[in-house]
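First up is the structure itself, then whatever we jot down about it.
The values are calculated or read from the model by the stated rules, or taken from the named source; none is laboratory data. Owing to the predicted nature of the structure, the values given are computational and were not obtained by experimental measurement. FYI the Cβ positions are ideal-geometry reconstructions off the backbone, even for glycines, and counts take in every protein chain you see. Note: areas computed on protein heavy atoms with side chains; ligands, DNA, RNA excluded. Shrake-Rupley method; radii C 1.70, N 1.55, O 1.52, S 1.80 Å.
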Amino acid sequence: MSSVMDVLPDLRVQLNELIEKDQLFPHFQSIVDLRRGRILGYEALIRGPVGSALQFPDALFSAAIEAGLQNALELSCRRLALKRFAELRPEGKLFLNISASLLSSPQYREGFTQELLDELGIPVSEVVIELSEQHPFDHFGLTKSAVMHYRDMGFEIAIDDLGSGYSGLKLWSELRPEYVKVDKHFIAGLDRDPVKKEFVRSICNIAQTMQCQVIAEGIERIEELRSLQQLGVGIGQGYYLGRPALLPEADLPQLKEIANDADLQVYQSPDFADTAFSLLRSAPTVSPDDAIGKVSQLFQQYPHLNTVPVLYEGKPAGVVLRSELLEKFSSQYGRALYEKKPVAKLLSQNVLVVESSMTLANLSRIVTDQDDFAVQQDFIITQDVGYLGMGSVRDLLKRITDLKIQNARYSNPLTLLPGNVPINREIDMLLRQNLPFKVAYFDLNNFKPYNDHYGYSKGDQVIRLLGELISRYAASSNNFVGHIGGDDFVVIFRSADWQNLCEQILLEFDDAIRAFYSPKDLQNGGVETKDRRGEPAFYPLLGLAIGVVQPDPLRCASHNEVAELASQAKKRAKAMPGSAIFFSRRRGVNCPDDPID
């Protein structure tokens, strides 16, 4: 196969001329905060003269590789991008690409970027260095020294094209960059590809642990954007959010739409958001055979550290507490006596160990029940019994407070139960995880005539009664109780005894509702009032209709389809005499192979 240089032998001359005469043109592509609907910054991309064979980056860099001018090209691109950014001074950060090979090149001069910034008056805090090994000439990949070189100068670091390079994950784990950019291959068609979704979800999990922000590259469709938001990706880039342009785009029409959805996105965080995993942070560890002096050094190195986990074969054996170490060392000759002894001599097992999948609610109960568990103390987080990291009670309290504020914001004011947004979020999460669940839709029969006859105050009392009954029987760590509005309630059942619980709710409601009628209406078995046309009509006592469905995650794309299934089942229940439960055998919308109810 002919190379670029074989086909166009004069490209080397053209490329040299472009570099020497500064005929390369920086373009800027928006990088968008997907949670707030605002521009976070811009990636600098280079273009050659319009209409030339070297207009686009692929041709430019391919020609540069063939001609041995890749490093000269990159240095020129960097200089021009910084100069143009300084002239335009748009709001946000500049993401600047630097390839691995340049850092070990003879043409590379240390301090080049810093000198340019000083000359142009650009603060280091406004520039993010994107390090990549995407080019064929990056034979040695990225190194820790390359990253530390820029970090020591005060730059934030982004690893570009995660998933395209052979050492990306290893590099990420070692270098802890501020940003990681997921390769566009994993974003294209994400909404239709469960494997890609799992890849991105895993990246989000790792990023949460490393306190690193994920940037999704190559977003070209609204469906991809929505899927990324549901997976918890906070930053995006791609043609849908803005194409590369000579002038940075500050007013993108898509931003308004993203900002309007900000409230919804609170409940579309990753699936681990309400578990102990969300509190995970790294901490230095020791083994039982290490000297106690090593622990003392760790406490000196990390002033805010109160607990050092002790691991044996990857599993937590206990901890060393700062307070206990200081007590030993404060006695006469204490340091001399203990410094060289093994950690096992100071091992404390007075530590809480929890699995990463434990809900924050359960974790909070456990912490509260332990009277001697100090607020300052840390706890160990494990996964399949193996050590994962540490969490703090302070972080737990803050997270619980945040969740309560979020839940209160979306609660129904009459019952204080979660409303539509958290209900939809819970259903979407279960669908994404392909977990079995049932949705029970509760609705009152003849409620409007009752409201018209007895008044809204009495009607509100009936709604509160129903909410209390449903919560008393159905609320648990496995089930989710929500109030859609009016007299409509939903329970998302994960427990196997859903039918028994629904029957108990129905029976107790039929008994309790009698207290909300006058003796006369009870004797008559209902109320006389006017119908929708203003004509006199008789309506029986209030009844409870419960429609139940078991959605198939492979047939239901979102909560919208589940809601339609549940609504159809509720209508069937309301058509039955008196209070009734109807279980629909339909598991998807418009599925001809489903059984007929």
Q.
Taking the square root of 5 times each eigenvalue of the Cα gyration tensor, what semi-axes in Å does the equivalent ellipsoid of the stretch 440-507 have, largest first?
A. 24, 11, 9
(Q) Using a 7 Å offset from the Cα along the Cα-to-Cβ direction at both F56 and R176, what is the distance between the two label points in nm, to one decimal? (A) 4.1 nm
**Q.** Backbone N within the stretch 50-84 under 14 Å of label point (7 Å from Q23 Cα along the Cβ vector)
**A.** 50-56
Q | Binned Cα-Cα distance frequencies in the stretch 401-457 - 5 Å width, integer % | A | 4, 14, 15, 18, 17, 15, 9, 6, 3, 0
Q: Quick one: which residues, 5+ away or cross-chain, put their amide H under 5 Å from the amide H of D290? H built at 1.01 Å from N.
A: V343
(Q) In Å², and per residue, what accessible area does the chain have when probed at 1.4 Å with the other protein chains present? (A) 49 Å²
Q | Once exposed loop chymotrypsin sites (Phe, Trp or Tyr not before Pro) are cut out (DSSP; at most 11 other Cβ, 10 Å), longest piece of the chain | A | 334-597
Q: Would you mind checking which residues have amide H under 5 Å from K93's amide H? H placed 1.01 Å from N; only 5 or more apart, or other chain.
A: G41, Y42
Q: With only Lys, Arg, Asp and Glu charged, each at its Cβ (+1 for the first two, -1 for the last two), find how big the charge dipole of the stretch 403-494 is about the Cα centre; round to the nearest 20 debye.
A: 320 debye
**Q.** Once exposed loop GluC sites (Glu not before Pro) are cut out (DSSP; at most 14 other Cβ, 10 Å), longest piece of the chain
**A.** 314-597
Q) What is the antiparallel percent of DSSP beta bridges lying wholly in the stretch 485-597, to the nearest 5? A) 60 percent
**Q.** Net charge, L80 excluded, C-beta distance under 12 Å - Lys, Arg +1, Asp, Glu -1
**A.** +3
Q. When the chain is fully extended, how far beyond the present Cα-Cα distance does D384 get from Y239, taking 0.36 nm per residue of separation?
A. 48.1 nm
Q) For the stretch 180-240, with equal point scatterers placed on the C-alpha atoms only and solvent neglected, what are the log10 I(q)/I(0) values from the Debye formula at q = 0.19, 0.30 1/Å, to two decimals? A) -0.56, -1.42
Q) Using the Karplus equation 6.51 cos²θ - 1.76 cosθ + 1.60 (θ = phi - 60°), what ³J(HN,Hα) coupling, rounded to whole Hz, does each residue of the stretch 57-74 give in order, writing x for Gly and Pro? A) x, 4, 5, 4, 6, 5, 5, 5, 5, 4, 8, x, 10, 4, 6, 4, 5, 5
Q: Answer with one residue from L522, G293, V200: the one whose Cα lies farthest towards the positive end of the charge dipole of the chain, charges on Cβ with Lys, Arg +1 and Asp, Glu -1.
A: L522
Q. Taking every DSSP beta bridge that has both residues in the chain, what percent is antiparallel when rounded to the nearest 5?
A. 65 percent
Q | Note, ³J(HN,Hα) from phi for the stretch 499-510, Karplus 6.51, -1.76, 1.60, rounded to Hz, x at Gly and Pro | A | 5, 4, 5, 4, 5, 5, 4, 5, 5, 5, 5, 4
Q) Give me the Kirkwood hydrodynamic radius of the stretch 401-522 in Å, from all C-alpha pairs, to one decimal place? A) 15.5 Å
(Q) Just to be sure I understand the curve: with the Debye formula and one point per C-alpha of the stretch 7-74, what is log10 I(q)/I(0) at q = 0.19, 0.25 Å⁻¹? (A) -0.71, -1.05
Q: In nm, give the distance between the simple-model label positions of R281 and A537, each being 7 Å from the Cα along the Cα-to-Cβ direction.
A: 6.2 nm
**Q.** Efficiency of FRET between N434 and S323 - r from beta-carbon atoms, R0 45 angstrom, step 0.05
**A.** 0.45
